[in-house]
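S.K.: Take a look at this one; I'll ask things after.
The values are calculated or read from the model by the stated rules, or taken from the named source; none is laboratory data. Here the structure is a predicted model, which is why all the values come from computation and not from measurement. Glycine gets a Cβ as well: all are built from the backbone with ideal geometry, and neighbour counts include every protein chain shown.
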Amino acid sequence: MTSPRRPEHASATLTSDLGSAPTIASGSSPGQETLASPAPRWEPVTHAQRDSTAPTVHTEVLDISATAGGDRYERVDMLGSGGMGEVWLHRDRRIGRRVAVKTLKGDGDGEVGRERFLREVRVQGQLEHPSIVPVYDLDVDPEGRVFFTMKRVRGDTLERIIGAVASENPKYTKKYGQRKLLQAFAQVCLTIDYAHTRGVLHRDLKPGNVMLGDFGEVYVLDWGLAKLMGEPDLLASSAELKEQLEGLTGVSDDAPPLSTRTREATPVLDSSGSLTINGVLLGTPAYMSPEQLADVGENLDARSDIYSLGVILFEILTHTRLRSEVNFGQLLLAVSEGRKMRPSERTKDVPPELDELCVRALDRDPDARPKSARELAETVERYLDGDRDLLLRRELAARHVASAEKRKDLPTTADRTPRLEAMREVMKALALDADNAAAQRLIVELVVGASDEVPVAARPELAQADDAQRADGAKWGAFGLISWLMMFPVAIVIGVRSWPQVLVTAASTIFGALYCYLLWRRKRYGIPATTTVTAICAIVTASVSCYLGPFALVSTVAATTSLLTAMHFTKRERVIGVVLTVLGAAAPFAIEALALLPGAYVFEAGRIIVPERAIALPRGATMFVMFYATVTFAIMTSVVIGRVRDSLRASERRLFLQAWHLRQLFPGAASG
């Protein structure tokens, strides 16, 4: 196309270089306009320029009659070339914009090629959809070649994007996540569904014919092989072309039948998988449905395009080609075998609903495929809606975990329990995202590794548990004193020598047993009660010396009393108990040292003699008393210590099982 002639009467003209658009400036006289200096060469709008106030769209005044026909467009650069046509970037002098101009290459394969070319522009021009590149004009250039102009689109093809993502190109992996590609795929499906409602089949759907722009644009390109359902197929209108198709070399007898035969055709699969014969583009077999390959374009309906969309979905999910055969005959044979291909067989983490959708779309039987391209789009959108919900839940769960991390180490106050708050936050996180590893580790840490600090709200319950344990100690104290009271009837039987001492011992034992029984029934008692119990036991300990002196039984009674107080008293109460018990055990020694009572032992060379004091000491009765005291205290000590040990072991076992079950329930906590 040549540059336009400047008319003498033109009030404005182009003075800028290629791609620039002059701005309008006011002239010196009313109604007169002149051109200001040319605007800079066109560049794509960058993110840094978004906030700029400088306009990127300019206007100009020109004589429309000076840019008629082919003179309207000024060639700039080659955009692409195919089997029959080529696309050039031109500047529309009238509008001041860049457009893509497609022309036939050479003679365009004669009348059939010209007719196909005109069919393409009319089909594409009448499909008015945001994702179909609009056609601006259809005309003839000065050399008599038919051309049409369309919107110049910018972006990356889906084929290039998938390849870059598969090779882990950081620029593309960051920009094109799985969600974005699936959203684009759903838009492609809706675009094809629109074309189907207008009675148009695309027949060459593949990633190379899908373009994604930087601003959310999605385009379905290249409608050159489009077919109007119910009308003759121009691609097969030539008998010669049909004969060429039948003679493809390397086609197995098991492959789907082709329509005609010839021995002279030379089939070629290019790097993108597109099939050409003698320079005529026939499509891309790797993306064709079995019926499209078998019928060479005849008797097709919307389900054939759905198969091609299934192949595209397979490649989006796996980042690999569904068909990698480079020989056309081998490809036909592979398609004819009809083995179901699942994306999950190629790569892991394929969503099961999309895996199944892909298998349905790629079914050899057209009736088994989704009924429309819209059904494909809606299924993907439903998945994305659920995935969006999942993403939101994960984000909310992460926030709850972060909140729990901040709270768990804060100090407990009278009106706040941060650790409990942290546990609630973690439970909310797990309710939103049960597989959140950070939440799983934190819940185990909070439950198993609880601190010794008792929250204010938990103190009443803990005090109740302590009261139950102390009541149990009072009960066993009563049983122990009652068992020791059995010494009183034994003393009567063997003979009492000092009733005051025996009666004091018996009375203090009875009083202590009754007092312990009252404490057991009361359930709760404090330092005054424990002090009283310990004092009574100290009196019993001291009075026991009246039987066999301060060495024989006093130490055993004192040790048993100390054991009971150590297990069931608080730290402060234990101090008081130890002091009183020691005083009770030391009292008999002090009494003998002060000569208030006769000595309990006579020391002679090689022996110690125990004289009779409060009771008689016949051999048999005395041995029985010694045996009874030994057995009683041994059993009593064993039972009390055993119960405490069993209780401690049960607590440890419960804690272990609790931690074990928590870790099984939350595997993500194992590393923690």
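S.K.: Given the structure, is residue 372 surrounded by 17 or more Cβ atoms within 10 Å (Cβ to Cβ) and over 17 Å from residue 196 (Cβ atoms)?
M.R.: The answer is no for residue 372.
S.K.: Return yes when residue 576 is of a type outside the set (Phe, Trp, Tyr), surrounded by 16 or more Cβ atoms within 10 Å (Cβ to Cβ), at pLDDT 80 or above and touching a Lys or Arg at 6+ places or on another chain (Cβ under 9 Å) and no when it is not.
M.R.: Numbers: of a type outside the set (Phe, Trp, Tyr): yes; surrounded by 16 or more Cβ atoms within 10 Å (Cβ to Cβ): yes; at pLDDT 80 or above: yes; touching a Lys or Arg at 6+ places or on another chain (Cβ under 9 Å): no.
No.
S.K.: Taking residue 659, is it surrounded by 10 or more Cβ atoms within 10 Å (Cβ to Cβ), part of a helix (DSSP H, G or I) and modelled with pLDDT under 80? If you could, list the steps in order and put the result at the bottom.
M.R.: Numbers: surrounded by 10 or more Cβ atoms within 10 Å (Cβ to Cβ): yes; part of a helix (DSSP H, G or I): yes; modelled with pLDDT under 80: yes.
So residue 659 fits the description; yes.
S.K.: Residue 86: at pLDDT 85 or above and either acidic (Asp, Glu) or loosely packed, with under 12 Cβ neighbours inside 10 Å (or both), yes or no?
M.R.: yes
S.K.: Can you tell me how many residues within region 644-661 are touching a helix residue (DSSP H, G or I) at 6+ places or on another chain (Cβ under 8 Å) and over 25 Å from residue 472 (Cα atoms)?
M.R.: Keep residues of region 644-661 that are touching a helix residue (DSSP H, G or I) at 6+ places or on another chain (Cβ under 8 Å), which gives 644, 655, 658-659.
With over 25 Å from residue 472 (Cα atoms) added as a condition, the list becomes 658-659.
Going through region 644-661 one residue at a time, the tally reaches 2.
S.K.: Looking only at residues in region 412-442 that are in a loop (DSSP other than H, G, I, E, B) and crowded, with 19+ Cβ neighbours inside 10 Å, which one is farthest from the chain's Cα centre (by Cα)?
M.R.: Once the filter is applied, the top-ranked residue is 417.
S.K.: Quick test of your reading of the structure: residue 78 fulfils all but one of (1) modelled with pLDDT under 85; (2) closer than 17 Å to residue 141 by Cβ; (3) loosely packed, with under 15 Cβ neighbours inside 10 Å. Name the failing condition by number.
M.R.: In the conditions (1) modelled with pLDDT under 85; (2) closer than 17 Å to residue 141 by Cβ; (3) loosely packed, with under 15 Cβ neighbours inside 10 Å, residue 78 misses (1) alone.
S.K.: Out of all the residues in region 184-198, is one or more assigned by TED's automatic domain parsing to the domain that holds residue 210, assigned to a helix (DSSP H, G or I) and free of Cβ contacts under 8 Å to residues at least 12 places away in the same chain?
M.R.: yes
S.K.: Being of a type in the set (A, V, I, L, M, F, W, C) and at pLDDT below 85 narrows it down to one of 487, 427, so name that one.
M.R.: Answer to the selection: 487.
S.K.: Additional query: Residues in region 164-178: is at least one among the hydroxyl-bearing types (Ser, Thr, Tyr), crowded, with 16+ Cβ neighbours inside 10 Å and assigned to a strand (DSSP E or B)?
M.R.: No, because not a single residue in region 164-178 is among the hydroxyl-bearing types (Ser, Thr, Tyr), crowded, with 16+ Cβ neighbours inside 10 Å and assigned to a strand (DSSP E or B).
S.K.: From the list 360, 393, 369, 374, exactly one residue is under 30 Å from residue 419 (Cα atoms) and in contact (Cβ under 8 Å) with a residue 12 or more places away in the chain. Which is it?
M.R.: 393
S.K.: Given region 499-596, what helices (runs of 4 or more DSSP H) lie entirely inside it while holding 1 or more residues that are touching a Gly at 6+ places or on another chain (Cβ under 7 Å) and more than 22 Å from residue 465 (Cα to Cα)?
M.R.: 527-552, 554-568, 571-593
S.K.: Still on this structure: Of the residues in region 511-552, how many are among the hydroxyl-bearing types (Ser, Thr, Tyr) and within 30 Å of residue 608 (Cα to Cα)?
M.R.: The qualifying residues number 4.
S.K.: Could you check region 495-543 and list, in sequence order, the residues that are polar (S, T, N, Q) and crowded, with 21+ Cβ neighbours inside 10 Å?
M.R.: Applying the first criterion (polar (S, T, N, Q)) to region 495-543 yields 498, 501, 505, 508-509, 530-532, 534, 541, 543.
505, 508, 509, 530, 534, 541, 543, listed by residue number.
S.K.: Here's a check for you: in region 104-118, which residue that is surrounded by fewer than 20 Cβ atoms within 10 Å (Cβ to Cβ) and within 17 Å of residue 87 (Cα to Cα) is modelled with the highest pLDDT?
M.R.: 118
S.K.: Exactly one of these conditions fails for residue 363: (1) buried (at least 18 other Cβ atoms within 10 Å of the Cβ); (2) modelled with pLDDT of 90 or more; (3) part of a helix (DSSP H, G or I). Give me its number.
M.R.: Against the list (1) buried (at least 18 other Cβ atoms within 10 Å of the Cβ); (2) modelled with pLDDT of 90 or more; (3) part of a helix (DSSP H, G or I), residue 363 comes up short only on (3).
S.K.: Here is a further query. In region 225-235, is there at least one residue being out of contact with any Ser or Thr (no Cβ under 9 Å at 6 or more places or on another chain), assigned to a helix (DSSP H, G or I) and touching a residue at least 60 places away in the same chain (Cβ under 8 Å)?
M.R.: Yes, some residue in region 225-235 is out of contact with any Ser or Thr (no Cβ under 9 Å at 6 or more places or on another chain), assigned to a helix (DSSP H, G or I) and touching a residue at least 60 places away in the same chain (Cβ under 8 Å).
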